[in-house]
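Since the structure comes first, as structure tokens, the remarks are kept for the end.
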Amino acid sequence: MGKRAIVGVLLVLTLGAATAASLRLTSGNPLSQDKGGLPPAKQAYEDQYEAERNAALTAGPPTPDNPNHIPLPTGTPKPPPEGIVERPNPLPGYFFENMWSQLVGDTRVAVYAGRLTGNQDTGVIVRLTSKSPTDPPVQVVREVPGLGSLRVEAVHKSTTGFALAIRSIKGSCVSFDLVSTAVASASADFCAQPSEAPAAGFSYCCAAQLDMDASTPGVQSSVTAPGPRDIDIGIVLGDDAGQLSAFNFKVIYDDTRLTPVATGGGGTTNGNPDLNDAALGAGWTCSLPSGSATPDIDPDTGPDHGVAFLSCSTTGTPASLTGAVTVATLRVHVAASGTSALSLSEAAFFHPLQSEIGSCAPVITVKMPCFDGTVTAP
Amino acid sequence: MIAASVGKRPAGLPADGRRAVMRWRRCLPFVPLIAAAVAFVAADDCKDTHPDTACVNFVPIPNGAEQTCSGGGGGGSGGGPTAVPTATNTPIPQPPAPPAATTSRYVATTDYGTMYNLGCAQGARGEYGLAVLSFGRPEMSMGVFGVRLHDNNATFASLAEVEASSKWFTVGLYNCSPVPLVAPIRVALGTSNLDAGGVDFFAHGAAWARMVLNVSSFVLTNRYARISVAGGNDFEADWSLPGVAADWADGYMSVGGVKPYYDYGDAGGCPLYSPASPADSPLDNPCNNGWYQSDIRYVAWEVPAANPLPEIYLEDGGNARQWQRVSLYSVFATGSRIIVRGAMSQRTACQERPPCAGTANSPDNAWYQMYVALNTDSRTAELPSDLPYLTDISWYRDLQ
């Protein structure tokens, strides 16, 4: 019992002191929110917060000025990165080594490569497609058991567009088709080859091509045309470009073999080259340089001195392009026998807000494959 | 008894359970003295000390074997007081309702209008507590510190952009708040320890601390009395070696007058509390990726500015039990527990971007699991008021 009495006194004293301390901690400003039993060093931060709050309250906080919660207008998202980014932020369940991102038409495609967090032996490839960086993406996941963590090494052309070369931590190489999302074994060379996409990126959906025979379905890269005669050459923007609001291009040729043809159809959209109003819709305006009634803005003659130019934009509804679309037609006269090459130059195509679909010769931001054509006159 | 109550709301607790624990909790600074006193009489009558006399059950047990009073095994201790109290089975008190959950965000843009609108939406709801803006992993681009945002493309944003967008968030948060002003809300500006190479984490931590101070000064200058600003870091064991995370924390702390930061990360791979294996040992147990419990403790608690606000994602309560063990390790290593300040869940994020197999805890469950796990052992026990924060992270809420 003697021991009990001693302990009782001790308990009363200590509990009393503790209770007093606790009561001190729970008093104070009604806005106080953080009054736990923190050690002094951490409590000092809370005391500082409280002092700051009290100072603001004493000085008089402003009255909130947006009681109706009217939103502010939002800006244009900053351009996301192109190409490969190391160690992007993980998603729940996945740890990523790196990712590859590219604008494809009006859709952003991002492919993440890594592994499952719960199974380090299972590699994972996640393809996200979205219309905006902050939109919920459409997500496709491919798990690759047994390979371990994966990383994107390079981008290569494939039969369906482009495929990523993906290497596993164990040394294996696989291909990931961007369109079909199929994963297949690949040779070591596939992963070792340098990427075909420069740092500026590329657009796999939207090659620009010269269709050398606009009267024949499909895109023809060459045509045989006994002269003398006129031929129509289509300038084609490849599959599923999405919204098109502006573009320009030059077609370079030898104006001693192919001579310009004056069409003079009227208006800025019916010159030569001739905007394809039927496909692109109304509201377009084209800037035709002086003398553009004939499709050659270069006064000199000879190889590469035939220069047809067209630059068009719309202030109305952008054209919504699916499939391969001929945006304009160039008419030239086959004047001499032999083979004559034509090439695209300064070709650039844009979504609304100057978001680039792709460009070539030179590349502005997003590299676009441009395919040339030939005319053979027996 | 304790095992049965882990992970679910305990039933049949006495109505004054919370009060009893509060009495116990207030005695924490005096634990060694009480432990000695209780041990002094333990051999006489253990039951006399349990539980309503408060400050209960610090019964020294030889050889680390657990002894309890209420579990039928009462009796003499046979040993003197020790520096580290042994486990007790203080009944888990019935907690009050968890705090209201705030909305935390994976930040996907630094667009000012968007950030204002996100803050406005939270202000309009009158949210209070603590909300995290999680900006993504540290990055350096062209000699400029920044982050890789949580958009779909890991877009780079400089710290200047992070700072400006955070200020706009607070403007929206304040100006859309109800009048009169409601309870305070703390905005924690967070990054992570995800190491992609090429970033000096010490310097990034210091730069982050200065950025947080700048946003805090902006709030103070504008007298936004209900808003305070803190730092944050999603420290995860799998994302870097422990030294990298510690570098960031040290860098953050190297700046004078810093604000606290909240560790809303994990204790990945660390051992879980188990009633069958309470792990009454001073071992510093390994976790994932070369981390130890001491590393978790360092970045979450030992750094003076650090406060743990852990991810409690696992629906089976595993995350909470890992953090309880970190706190218990702290008891052994330093004589005092860490104080977990609340919990973060990811229910909304999982609904927005499923699947989250087994990790879609509701906010209330997350908080409750954390509370229960800590209170399964008197040495790590916390009052509900020690865990004032509860937040649920989202990708897209209020964006559309």
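The values are calculated or read from the model by the stated rules, or taken from the named source; none is laboratory data. Computed from a predicted structure; not experimentally measured. Virtual Cβ from ideal backbone geometry, glycine too; neighbours counted across all protein chains shown. For accessibility, only protein heavy atoms count, side chains too; no ligands or nucleic acids. Shrake-Rupley method; radii C 1.70, N 1.55, O 1.52, S 1.80 Å.
Details
- When A:Leu72, A:Leu31 are screened for being within 7 Å of another protein chain (Cβ to nearest Cβ) and modelled with pLDDT under 50, only A:Leu31 passes.
- Failed criterion for A:Asp254 (all others in (1) over 30 Å from A:Lys131 (Cα atoms); (2) surrounded by 22 or more Cβ atoms within 10 Å (Cβ to Cβ); (3) at pLDDT 90 or above hold): (2)
- Selection from the range B:205-226 of residues that are within 13 Å of chain A (Cβ to nearest Cβ), open to solvent by 10 Å² or more (accessible area, probe 1.4 Å) and touching a residue at least 12 places away in the same chain (Cβ under 8 Å): B:Leu213, B:Phe218, B:Asn222, B:Tyr224
Okay, residues lined up against (1) under 26 Å from B:Trp367 (Cβ atoms); (2) buried (at least 18 other Cβ atoms within 10 Å of the Cβ):
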| residue | (1), (2) |
| --- | --- |
| B:Ala246 | no, yes |
| B:Pro308 | yes, yes |
| B:Ile312 | yes, yes |
| B:Gly335 | no, no |
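- Checked against (1) open to solvent by 10 Å² or more (accessible area, probe 1.4 Å); (2) within 20 Å of B:Gly268 (Cβ to Cβ); (3) in contact with a Pro (Cβ under 9 Å, 6 or more places away or on another chain); (4) away from chain A (no Cβ under 14 Å), B:Gln369 meets all criteria but (3).
- Criterion violated by B:Gly190 - all others in (1) in a helix (DSSP H, G or I); (2) touching a residue at least 60 places away in the same chain (Cβ under 8 Å); (3) surrounded by 23 or more Cβ atoms within 10 Å (Cβ to Cβ) satisfied: (1)
- Number of residues in the range A:148-178 that are among the hydroxyl-bearing types (Ser, Thr, Tyr), open to solvent by less than 30 Å² (accessible area, probe 1.4 Å) and part of a strand (DSSP E or B) equals 2.
- B:Val179 vs. criteria facing chain A (nearest Cβ under 7 Å) and surrounded by fewer than 21 Cβ atoms within 10 Å (Cβ to Cβ): yes
- Unmet requirement for A:Thr181, which otherwise passes all of (1) open to solvent by less than 30 Å² (accessible area, probe 1.4 Å); (2) among the hydroxyl-bearing types (Ser, Thr, Tyr); (3) at negative phi: (3)
- Scanning the range B:160-176 for residues that are open to solvent by 20 Å² or more (accessible area, probe 1.4 Å), under 24 Å from B:Thr391 (Cβ atoms) and away from chain A (no Cβ under 11 Å) returns B:Glu163, B:Ala164, B:Lys167.
- Here A:Val85 clears all of (1) more than 10 Å from chain B (Cβ to nearest Cβ); (2) crowded, with 21+ Cβ neighbours inside 10 Å except the condition numbered (1).
- The helices (runs of 4 or more DSSP H) found wholly in the range B:288-357 and carrying at least 2 residues that are at pLDDT 95 or above, in contact with a helix residue (DSSP H, G or I) (Cβ under 7 Å, 6 or more places away or on another chain) and among the small types (Gly, Ala, Ser) occupy B:318-334.
- Sole exception among (1) surrounded by 23 or more Cβ atoms within 10 Å (Cβ to Cβ); (2) among the acidic types (Asp, Glu); (3) at pLDDT 95 or above for B:Asp364, by number: (1)
- Residues of the range A:115-147 satisfying the condition of being more than 9 Å from chain B (Cβ to nearest Cβ), among the hydrophobic types (A, V, I, L, M, F, W, C) and in a strand (DSSP E or B): A:Leu116, A:Val124, A:Ile125, A:Val126, A:Val138, A:Val140, A:Val141, A:Val144
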